[in-house]
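The values are calculated or read from the model by the stated rules, or taken from the named source; none is laboratory data. Please read these numbers as outputs of a predicted model, since none were measured by experiment. Quick reminder, even Gly has a Cβ in these numbers, built from the backbone with ideal geometry, and neighbours come from all protein chains shown. Accessible surface areas use protein heavy atoms only, side chains included; no ligands, DNA or RNA. Shrake-Rupley method; radii C 1.70, N 1.55, O 1.52, S 1.80 Å.
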Amino acid sequence: MDDLFKKLISHAKEYGFIFPSSEIYDGLSAVYDYGQNGVELKNNIRKYWWDSMVLLHENIVGIDSAIFMHPEIWKASGHVGAFNDPLIDNKDSKKRYRADVLIEDYMEKIDTKIRKEVAKAVKRFGDSFDEKQFRETNPRVLANQKKIDDVRTRFVKAAENDDLKEIKQIIIDCDIADPVSGSRNWTDVRQFNLMFETKLGSVSDDAASIYLRPETAQGIFVNFLNVQKSGRMRIPFGIAQVGKAFRNEIVARQFIFRMREFEQMEMQYFVKPGEELEYFKLWKEKRMKWHKSLGIEDHKLRFHDHDKLAHYANAATDIEFEFPFGFKEVEGIHSRTDFDLSQHQKFSGKKLQFYDPESKENYTPFVIETSIGLDRTFLLILSNAYKEEKVTTANGKLEDRVVLKLPPVLAPVKLAVLPLVRKDGLPEKARAIMNSLKIEFNCQYEEKDSIGRRYRRQDAIGTPYCITIDHQTIKDNTITIRYRDSMKQDRISITDIRKIISDKVSFRTALSKLL
Ligand code: ATP
């Protein structure tokens, strides 16, 4: 595991963002709890997504469907039959992997080599560099690109044909080793269904088997007609939902990147058949803009079009972020045709169609889905914000500081209120300021330790503003405001605090960038 990633995980624990679940019982694999700062950050990300969908689009509404659903739903959606991952074990290390992920990581490693080669050439040739020409003519790049293309073609074909023997053969031919032990002693590849099953009802004999939902989307599809009719929605329109999903993941070694219980933020957009690719393009752009609005640099985000389309999809792409362990998916955007509504129509026997008053015809709408993991976005935000810096203190000393440069709108605490000393009426003055502001922002009052140490603690949780109340405050009602990123300090009047902060931390300001 990357060193930086390890530090991030321990920072998240030390500062109350994420704890391993059931830790005093040695934890539960791939299950995590959010602490006092984590829950605030998570709530803010959820709200930012929700408002960007439901508030900013007149034709998108939200729902909150139950986690338990009729078991037939998962047959109709294809999850009972095919929500599988190909699993492979290493006989020496006894570690279990997803075969498709091993192959993807292999291709990614070669692609990293190509990118390094390109970066070197950019340095060498400067402004006159033509990347396209370089990629098309450099022999090393060409050879590596061919390796990727060949493996990809083989893998796509094997996956389409469910050919598990061939998937294993690719792993052998590419000489892929267990990333932990380096061993190449692999078992055969097997399929593994990711759904958790449980029983509904108290009498075991007639209790029905039901599943914990592996995605929130089906709760939207089965409510399509309820929402459309009760909300008098006209196509195109969208339904958004945020909620827990459960998957019995094969490999769960990447902190909150891959969990067994996690939260999804999904939106299904219902459109007229034939118009879906236009909306697919639109949602791709909108979703990328959302990520960038959170201050993520362009080069850390990319689209990754699917090599292998699910049989019901006619376009699909992922938005990937460069995590400390490489580029990985955070969000999927899929053009799902009328597959889901048609399947539920077939399995339930109920008509799930839209009557178009203009053309006076009934049709089953097509669907564009945007599906993003809340926890994975949390990890994206945290990895992007985590910085280790060398800074010069007020008395000229060079010090290390760890700071979370979180977008102010997402920061768990917006303002720290710090009396310089615990006497002379400063705490009372600080409390009065805090009481006037806490109704609007999440404020934290701290009076222990030196101001420098208090600043560091606030930096570590990403608080964008600290104010210090000192003896001068009592005399002239001014305070010192200190900015997290620049560490600059200004003397301002108490009455100006709200004005300075509220705009910077507000959802209104953040959301207006998306209009
Ligand atoms: P992966 O290939 O990483 O398993 P997926 O393609 O199966 O992901 P989707 O079914 O498209 O994922 O789910 C949509 C989003 O839900 C993903 O982009 C991701 O952000 C999130 N997600 C999926 N599985 C998990 C998980 N086990 N833990 C955390 N987030 C997840």
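Worth a mention:
- Distances between every pair of Cα atoms in the chain, grouped in 10 Å steps from 0 to the bin holding the largest one, split as 3, 15, 23, 24, 19, 11, 4, 1 percent.
- Surface accessible to a 1.4 Å probe, D424 within the full protein complex, Å²: 90 Å²
- Probe 1.4 Å - accessible area at T478, Å² to nearest ten: 20 Å²
- Dimensions of segment 296-376 based on its C-alpha atoms, expressed as ranges along the principal axes with the largest first, amount to 51, 29, 25 Å.
- Debye-sum result for segment 408-512 in log10 I(q)/I(0), which assumes one identical scatterer on each alpha carbon, at q = 0.10, 0.11, 0.13, 0.15 Å⁻¹: -0.24, -0.30, -0.42, -0.56
- For a straight C-alpha distance cut-off of 22 angstrom, the lysines reachable from K429 (same-chain residues fewer than eight places away being disregarded) are K414, K438, K448, K475, K499.
- Taking N as its residue count, the alpha carbon Rg of segment 100-155 over 2.2 N^0.38 Å: 1.24
- Annotation for D356 and F507: the two label points, set 7 Å from Cα along the Cα-Cβ direction, are 3.5 nm apart.
- For segment 86-179, a crude dipole built from +1 on the beta carbon of Lys and Arg and -1 on the beta carbon of Asp and Glu, taken about the Cα centre, is about 380 debye to the nearest 20.
- Of the GluC sites (Glu not before Pro) found in segment 14-112, those in coil by DSSP whose Cβ has at most 12 other Cβ atoms within 10 Å are E58.
- Here the spin labels are modelled as points 7 Å beyond Cα on the Cα-Cβ line, and at N223 and R135 they lie 4.2 nm apart.
- Using R0 = 25 Å, the C-beta based FRET efficiency linking K397 and V421 works out to 0.70.
- Additional length obtainable on full extension of the chain from F347 to R46, 0.36 nm per residue less Cα span: 105.1 nm
- With N the number of residues in segment 1-98, Rg(Cα) / (2.2 N^0.38 Å) evaluates to 1.54.
- Extending 7 Å from the Cα toward the beta-carbon at both N442 and R491 defines two label points whose distance is 3.3 nm.
- With the alpha-carbon atoms of segment 1-42 aligned to their principal axes, the span from lowest to highest coordinate is 26, 24, 15 Å, starting with the largest.
- Considering only G182, S93, F19, and ranking their Cα positions along the charge dipole of the chain that arises from unit charges at the beta-carbon of Lys, Arg, Asp and Glu, the one farthest toward the positive end is F19.
- A dipole drawn for the chain from +1 and -1 charges on Cβ atoms has a positive end, and of I45, S348, Q218 the residue lying farthest that way is I45.
- Segment 103-124 versus segment 1-62: alpha-carbon centroid distance in Å: 31 Å
- Using alpha carbons only: equivalent-ellipsoid semi-axes of segment 86-179, gyration tensor based, whole Å: 32, 15, 9
- Efficiency of FRET from Cβ geometry, V54 and D307, R₀ 35 Å, rounded to 0.05: 0.60
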